[in-house]
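The values are calculated or read from the model by the stated rules, or taken from the named source; none is laboratory data. Treat the numbers as computed from the prediction; the structure is a model and nothing was measured. So basically every Cβ, Gly included, is an ideal-geometry build from the backbone, and we count neighbours across all protein chains shown. When the accessible area is computed, the model is the full protein with side chains, heavy atoms only, and any ligands, DNA or RNA have been set aside. Shrake-Rupley method; radii C 1.70, N 1.55, O 1.52, S 1.80 Å.
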Amino acid sequence: MENRTARLTLLIDPEKKAVFEALCKDEDVTPSQKVRQFIREYVEERLGPDWREPRKQQP
């Protein structure tokens with residue numbers, strides 16, 4: 001399980017927020033769960049699923 005101690009604050013259009021919350025409710029997930037999923041997928045897409053492993057320095 002991920003350590004959930006950091007907070008991310010963002011500004012979003014109120015109408016878009018309401019639609020996002022409704023879509024999350026339809027999927028039976030919280031908006032926070034969905035945002036964490038988006039971030040996890042983005043990081044893994046960019047850095048691979050082993051992104052937590054130490055990276056070798058390029059000479």
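A few comments on the model shown:
- Candidate aspartates and glutamates - alpha carbon under 19 Å from residue 25, same-chain residues fewer than 8 apart omitted: 13, 15
- Probing with 1.4 Å while keeping every protein chain in the model, the per residue accessible area of the chain equals 103 Å².
- Surface composition of the chain: carbon plus sulfur atoms hold 54% of the accessible area, using a 1.4 angstrom probe and ignoring ligands, DNA and RNA.
- Tilt relative to the chain, helix 31-47 - C-alpha long axis, 0 to 90 degrees, to 10: 30 degrees
- Exposed loop sites here are trypsin sites (Lys or Arg not before Pro) assigned a DSSP state other than H, G, I, E or B and surrounded by at most 15 other beta carbons within 10 Å; excluding them, the longest clear run of the chain is 8-51.
- Note on the chain: dipole from Cβ charges, positive end direction compared against 54, 35, 9; the farthest Cα belongs to 54.
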